[in-house]
Each structure stands twice: as C-alpha cells, then as structure tokens.
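Remarks on the structure that follows.
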Ligand SMILES: Cc1ncc(COP(=O)(O)O)c(C=O)c1O
C-alpha cells in the first residue's frame with residue numbers, strides 16, 4: 001500500500017499544526033505554547049535565511065568535521081555475501097555521534113533567540129555530550145537531565161558532560177530512563193521558560209521540534225545521496241538506520257523519500273524479544289497515542305499508561321518515536337523492523353572484528369539487521385548503514401556482559 | 001445550564017468564591033477516593049477536581065507524581081475513575097466533578113467511549129493538561145453533545161489573543177495557572193496574580209479559577225479576592241501522602257486544611 005511521494009507532498013508536511021498525517025501536533029500544557037509558537041515562527045524565518053544557513057554549514061564543516069565519509073566495507077561485504085555494504089560514518093563526527101548535527105543547529109537557534117540557558121534530556125548521553133559541547137563553545141549555561149539508570153549505564157558520558165561544564169541532573173522518577181529524563185526536562189522548561197531553550201535530542205516532542213531536528217539531521221542523507229552518486233554512479237538500493245526517537249534514521253531517509261527505488265529500513269530495539277514484551281519497539285509492537293507533546297506510536301498498556309521499555313542500548317530505550325516515522329510506517333514508505341539485544345551485540349562484534357570500527361550499541365542494531373538484509377540481496381545491489389555513533393561509551397556495558405571488570 | 005455554571009452562578013449571586021480541591025483518584029487506595037470526595041464536600045468544597053493518574057505527569061511536581069505512582073500501584077484506570085464519580089453521584093447530585101488529567105488514557109479508552117461513560121457517570125467537566133484547544137477538534141463536539149464542560153488552562157505566558165481564543169473553546173470556567181512551573185512548586189506572587197487575573201477578566205466573561213501555589217487560608221483569601229474560585233491541590237495530596245495508613249486521621253487532616261480556607265474565602269464576602 002506504498003504511496004508514491006512527491007516533493008510537493010513533502011513540502012506540505014508537517015502542516016500548520018505540526019501534523020504528519022494523523023501524527024505529530026502540539027500536545028503540551030498552556031505555559032509552553034507561546035514559546036513553541038515563537039520558536040516555530042523564528043525557525044521558519046531562519047530556515048531560509050542565508051546567514052543562518054551559512055553559519056550552520058560552516059560549523060558542520062569546521063567544527064563537526066563534515067562531510068562524514070561514505071565508506072565501502074569491503075571485507076564485511078565479502079564475509080556477508082550479498083549486497084555491497086557501505087557505512088555512513090557519523091561515528092567520526094566531533095563528539096562521536098550524529099547528535100551534534102542537531103545540537104549545533106538548535107544552539108544556533110537559541111543564540112538567535114537570545115536564550116542563555118540550555119536544557120536537554122539524554123539517554124545514552126550522546127545528546128547530552130553534544131549539547132554540553134556546543135554550550136561550552138558558545139558560553140551557554142547547560143543542564144542535562146538523565147535517568148538515574150542511564151547515569152549508571154553511561155558513566156563515561158556523564159563525566160564528559162561534567163568536564164564540559166554541564167550540570168547533570170539524575171532523574172529518579174518513573175522508570176529512571178530517557179522518557180523520565182524528558183519529563184523532567186519539560187518540567188524545568190515550564191518553570192524557566194523565559195530564559196531557557198530546550199534542545200530536544202531527537203525528532204520527537206511538540207511541533208516544531210520534529211521538523212527542525214529532521215532538517216538539521218538531513219545533512220546525513222543529503223551527503224549520502226551525493227557521495228553515493230559520486231562513488232558508484234547510482235543511488236543505494238537500501239538504507240538501514242537504528243530508531244530510538246528516530247533522528248539519525250529520519251536524517252538519513254528524508255532526502256531519499258521521493259526516490260522510490262530506495263528501500264528504507266528503521267531498526268528498533270527488540271530487547272529480549274518482541275514476544276517477551278521487554279523491548280523498545282513502538283513501531284513494531286505499539287499503537288498510536290500521545291506522549292511528550294506529539295501523537296505517535298507508543299508502548300503503553302490497555303489503560304493508556306506508558307509501558308516500561310528494555311534495551312541493552314540506552315539511546316534506544318524509549319517508548320515513543322518521532323511522529324514522521326509513524327506516518328512513514330502507515331503510508332508504507334519505510335519498513336520498521338527490530339533486532340534483539342543479542343543480535344545487536346553480535347553486530348557490534350562483527351563490525352569491530354571485520355572492519356575495525358566499533359559502533360555504538362544503538363548503531364549496532366542497524367548493523368545487525370543490515371547483515372541479514374544484505375545476505376538476501378544481489379551482489380550488484382548497494383546497501384548503506386548509518387553508523388550513527390561510535391562505541392567507546394558502551395565498552396563498560398559490553399565488558400560487563402562478557403563478565404570482565406575494567 | 002450545566003451543574004458547574006449553576007454552582008458558580010449561585011456563588012456569585014451570594015458574593016462568594018468557589019473552593020475547588022484537587023485529589024488524585026486512587027490515592028492512597030481506590031476504595032478511599034469516593035469517601036474522600038464526600039469529606040471534601042463536607043469541609044466546604046464547591047467543585048471537586050479529580051485527578052486521573054498517569055504514568056508520565058509532565059506538568060506535575062513530585063507531590064502529584066508520587067500520588068500517581070501510588071494510584072497506579074492499584075492500576076487505577078480512567079474507567080475506574082469514572083466508576084468512582086458514578087458512585088459519588090449516588091449520594092451527591094449537587095457538587096460538580098471535573099476530571100483533570102493527561103490525554104493518553106482518554107485516547108486509549110477512545111474519545112467517544114470516554115464521553116459516553118463520563119456522561120453516564122454524572123461527570124461535569126474535563127480538563128486535559130496536554131490538550132490545547134488547537135488539538136481539541138475531535139473531543140469538542142463529543143463533549144458538547146453530552147453537556148460536558150471543556151475546561152482549558154491559561155498561563156502567565158498566554159497572550160491576549162490566545163486568552164480570547166481559549167475562552168471561546170471553554171465552558172464552565174477557565175483555569176488560570178498562577179505560576180510558571182509545575183504543580184506544587186513555587187510560592188506565588190499575589191500582586192502579580194491579581195494583576196493578571198484582573199486582565200483575564202477583561203478578556204472573558206467566564207468565571208476564572210486560579211490554581212497552583214495555593215496552600216493555606218492566607219493565599220486562598222488573597223487569590224479569592226481577585227478571582228471566582230481557588231483550586232487547591234498539592235497541599236492536599238501531600239496530606240494524603242502523610243496519612244496513607246490512617247483513614248480517620250486523613251479525613252480530619254483534610255478537613256482541618258480546608259475549613260480555614262473556606263472561612264477565609266467566606267470572610268471576603
Ligand atoms: C549513537 C546513537 N545512535 C542512535 C541514537 C538514537 O537516537 P535517534 O533514534 O534519535 O537517532 C542515539 C541516542 O542516544 C545514539 O547515541
């Protein structure tokens with residue numbers, strides 16, 4: 001039931017209320033409405049402002065180190081036996097993940113709006129680090145909210161944030177993971193709305209966040225498109241990206257949405273297995289609901305209470321997903337699948353041993369699915385994995401699973 | 001005229017202000033909620049705001065977050081809460097009840113099923129914290145057909161244009177949030193609230209209730225002076241937390257809190 005998308009259709013989305021079809025919107029308490037409307041107005045103005053765009057592009061080039069390479073994983077391709085596997089190396093960005101593309105953009109917005117106090121939520125800590133980094137660079141006060149479970153899982157990133165001058169608030173409420181960090185960030189925002197800019201780390205949240213985060217992350221797909229044409233003379237046949245909130249995936253997918261020949265695969269965290277209920281795969285196993293300011297697929301119980309999630313990867317451990325993905329799922333343009341913790345760890349090990357590239361556990365989900373997919377494809381086909389981040393932050397988790405103290 | 005309009009109109013005619021206590025349904029135990037509602041009425045409540053527990057109460061501070069967690073230990077669902085309203089109605093057909101909560105439980109139940117069950121239970125109003133009027137197209141007609149008053153929030157950050165638009169979508173009363181913050185947080189600046197509420201009165205003919213930060217007779221009176229009613233939440237919920245295992249002590253403590261507020265409000269007239 002896939003719909004042929006046109007540039008025209010895409011331009012009309014999100015609509016004036018921030019809707020992508022039945023999804024998205026702005027479901028927040030009244031105190032935040034004025035701020036969100038101001039942000040929307042200013043963003044729509046700056047989005048086409050040459051000075052804003054030039055500053056953004058320059059920062060991406062000189063500070064982040066873009067473009068990130070599109071690398072042909074020759075040995076991995078040979079071992080897998082199927083499509084040519086290419087890696088989009090977001091792990092090589094400054095701070096080690098795609099998250100910084102977005103924090104550069106939003107911090108720039110904050111400066112244009114004259115806001116001096118920045119807040120952010122983080123799961124794996126990559127978005128927290130990327131936010132603390134741009135705040136250090138611009139001299140902004142930075143507060144990062146992080147579930148206390150994640151503070152434990154990602155201690156390296158917690159320390160990095162502190163070194164960068166950020167205050168890390170360990171969140172003890174609810175399930176003590178990413179969704180609770182986002183709750184507390186929103187609570188802080190309500191209380192300090194005049195002076196505070198909330199840098200949301202993924203394509204979720206109330207309008208205009210899903211729009212602006214997608215725009216900032218689309219540099220991934222634009223580069224991939226150009227590099228793919230330069231290096232192979234054609235577009236890839238399949239793109240594979242992991243989906244937590246969905247920012248690295250939408251950034252990769254968006255510039256290809258009208259290219260019908262390009263198959264899109266978003267890989268959710270299957271945790272201990274979808275059938276166990278212990279996972280973080282709302283698109284694969286959830287239903288539409290409203291959380292954190294937008295309507296989207298969620299993991300919830302029959303009474304509409306948000307369900308606890310499980311994933312070995314803190315950055316995917318979230319019960320919702322960006323509304324544009326919900327829309328892409330419903331119109332059939334993108335495929336959403338899952339891999340288990342086990343499979344992701346196996347993906348991590350393969351990429352590490354065969355290519356000498358240690359992916360983040362989040363990205364390892366994309367790797368694991370891509371290896372299965374590539375094996376079913378022809379040798380003259382081309383598949384790109386978005387390696388959204390590097391795995392240094394996960395070394396403790398992996399060592400622990402291996403029963404090793406480091 | 002809806003039950004809410006009726007109560008607020010008659011109070012106004014007497015020159016009195018509405019006392020609107022909030023408790024979270026299912027806290028400390030679902031079996032106690034209906035009894036507590038009657039206690040609130042006996043202690044002087046004119047309208048009851050009954051919180052629907054939610055796993056992610058983003059607009060609430062720690063006090064109400066914990067109340068939600070206590071209620072959810074017993075799986076208190078939106079259906080259960082409507083059951084409590086229905087039970088309450090068996091012996092009190094005068095006191096309006098307004099549900100206050102978040103959208104997702106309602107969305108999960110289905111808007112039409114919710115509106116039907118709410119009307120059947122004798123519910124009067126619905127305040128959905130994370131549902132601004134812009135997103136309320138679907139529920140508005142369902143509520144209107146069943147004479148449920150949609151109650152929306154106004155905040156210190158709400159522009160004049162929005163105050164007018166939100167009032168257009170509201171009936172019963174509008175709820176002015178006195179502070180920038182979550183429930184139970186800061187102490188209010190009474191002069192600032194008075195100035196703002198006077199301004200809201202210029203922009204809407206609806207009664208204005210003021211909530212967030214009202215914790216004693218003094219703040220109740222100060223805010224009552226400029227508004228049509230005061231909403232008292234966190235201080236009551238905190239009292240419930242402190243008397244979880246002592247139902248008699250809890251009834252007395254709630255009464256001891258509300259009585260002086262009632263008296264202070266009535267001494268204004
Ligand atoms: C390296 C990496 N990849 C992916 C994610 C998931 O986020 P998203 O789905 O928004 O890309 C995270 C989140 O922390 C991350 O650190």
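The values are calculated or read from the model by the stated rules, or taken from the named source; none is laboratory data. For clarity, every value in this text was computed on a predicted model and none was experimentally measured. Here Cβ is always computed from backbone atoms with ideal geometry, including for glycine, and neighbour counts include all displayed protein chains.
Structure above, values below:
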item: In the range B:217-269, the residues that are in a helix (DSSP H, G or I) and without any contact (Cβ under 8 Å) to a residue 12 or more places away in the chain; result: B:242, B:248, B:249, B:252, B:256
item: Checking residue B:160 against (1) within 10 Å of another protein chain (Cβ to nearest Cβ); (2) surrounded by fewer than 23 Cβ atoms within 10 Å (Cβ to Cβ); (3) more than 27 Å from residue B:7 (Cα to Cα), the condition it does not meet; result: (1)
item: Number of positions in the range A:222-250 that are within 16 Å of the ligand (Cβ to nearest atom) and within 18 Å of residue A:337 (Cα to Cα); result: 12
item: Among the residues listed as A:292, A:310, A:325, the single one being farther than 30 Å from residue B:138 by Cα and within 16 Å of the ligand (Cβ to nearest atom); result: A:310
item: Residues located in the range A:179-195, provided they are more than 16 Å from residue A:37 (Cβ to Cβ), in contact with a helix residue (DSSP H, G or I) (Cβ under 8 Å, 6 or more places away or on another chain) and surrounded by fewer than 24 Cβ atoms within 10 Å (Cβ to Cβ); result: none
item: Only one of A:115, A:176 that is in a loop (DSSP other than H, G, I, E, B), away from the ligand (no atom under 15 Å from the Cβ), buried (at least 18 other Cβ atoms within 10 Å of the Cβ) and more than 14 Å from chain B (Cβ to nearest Cβ); result: A:115
item: Condition met for residue B:69 (surrounded by fewer than 23 Cβ atoms within 10 Å (Cβ to Cβ), under 17 Å from residue A:306 (Cβ atoms) and more than 16 Å from the chain's Cα centre (by Cα)); result: yes
item: Flag for residue A:198 being within 13 Å of the ligand (Cβ to nearest atom), buried (at least 21 other Cβ atoms within 10 Å of the Cβ) and farther than 29 Å from residue A:368 by Cα; result: no
item: Those strands (runs of 3 or more DSSP E) lying entirely in the range A:287-392 with at least 1 residues at pLDDT 95 or above and farther than 30 Å from residue B:57 by Cα; result: A:334-339, A:382-387
item: Members of the range A:219-245 found to be within 17 Å of residue A:387 (Cβ to Cβ) and assigned to a loop (DSSP other than H, G, I, E, B), listed by number; result: A:236, A:243, A:244
